[in-house]
Structures are given as structure tokens and as C-alpha cells.
Amino acid sequence: MAASKAAKFVMLTVHLHQLVFHGFHGLFPGEEQTGNDFEVNLDVHYVVKKDRYDSLKHLISYEDLFIIVQKRMAIPTPLLEEIADSIIHKIHHQFGNIVKITISIYKLNAPIHQFNGKVGISLTRSFD
């Protein structure tokens, strides 16, 4: 029986979940003034360039990802889809070894009459 071959690459995923921001996003009248709370969940899949886990120089830091999300969530934008797409593009631009990114953004207190819950979107992009 032949010996098993070593993996050609290692895939790693960084998760940032239940990040809460106050922002001024939305299309409803007044949302740009009162704002709302938003929850962001982010999963970034990437190829580890070296099988080394002893230094952040070989890995993607969740702190760097958090800063990207935090900065973008501070910019008022009508549509959550636009926010999600711009976060994905910023991450992909900053880190060249990204394979796939999934982001979900939820509005925690949607201004919908008699609505109790949260609304949101998820966007996934894969890269070659």
C-alpha cells in the first residue's frame, strides 16, 4: 500500500461572529439620523502559505479583519449588500491568499411595524 501524500496546501478559516456596531445604514426615513444596531458575522477562508502557525506573519490576524469591518460599518450606507460587498473586496485586496469569504450583516431592530426579530443579508464570494 502506498504511503499517503502530504496535503498540497492547508486551508484555514478565521471566524469573527456576533460583532455588534451602531451604524446609520438603511433606507427608511430617519435611519440616517437615529441609527440602529447591526450584527456582523465574518468567515474568511484562506490558504496558509507555509505550514507554520507560530507567527502572525504567516497568518491572517482576526484583529486586522475586525479593523476592516469596524471602519466600513462606520460609513453610513443605505443597503447592507453594498457594505458586505465592500468589506469582502477590501479583505481580498489586502490579503492575496483568500479563497472564500462569507459575511452576514443583520439589522437588530428593523423599523417594521409589529416586527420582532432581526433582518439581514449574507454574501459569499469565492476567489481562484
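Things worth noting here:
- For Lys90: the one exception among (1) surrounded by fewer than 17 Cβ atoms within 10 Å (Cβ to Cβ); (2) at pLDDT below 95: (2)
- Near pairs, Cβ below 7 angstrom, 6+ apart or cross-chain, from region 106-128 (loosely packed, with under 11 Cβ neighbours inside 10 Å) to any residue that is modelled with pLDDT of 90 or more: Ser126/Val99; Ser126/Lys100
- Counted residues, region 26-47 - those being buried (at least 16 other Cβ atoms within 10 Å of the Cβ), among the hydrophobic types (A, V, I, L, M, F, W, C) and more than 14 Å from Ser104 (Cα to Cα): 0
- Filtered residue count, region 111-128, keeping only those that are modelled with pLDDT of 85 or more, part of a loop (DSSP other than H, G, I, E, B) and either at negative phi or not polar (S, T, N, Q) (or both): 6
- Test for Val47: is it in contact with a helix residue (DSSP H, G or I) (Cβ under 8 Å, 6 or more places away or on another chain) and either closer than 21 Å to Ile101 by Cβ or of a type in the set (D, E, K, R) (or both): no
- Total residues in region 43-77, condition within 15 Å of the chain's Cα centre (by Cα), part of a helix (DSSP H, G or I) and not aliphatic (A, V, I, L, M): 7
- Meets criteria (in contact with a helix residue (DSSP H, G or I) (Cβ under 6 Å, 6 or more places away or on another chain) and in contact (Cβ under 8 Å) with a residue 12 or more places away in the chain) for Ile68: yes
- Output for region 78-109, where each listed residue is part of a loop (DSSP other than H, G, I, E, B) and touching a Leu at 6+ places or on another chain (Cβ under 6 Å): Pro78
The values are calculated or read from the model by the stated rules, or taken from the named source; none is laboratory data. Note that the structure is a prediction, hence the values are computed from the model and not measured. Ideal geometry is used to build each Cβ from the backbone, glycine not excepted, and the neighbour counts take in all protein chains shown.
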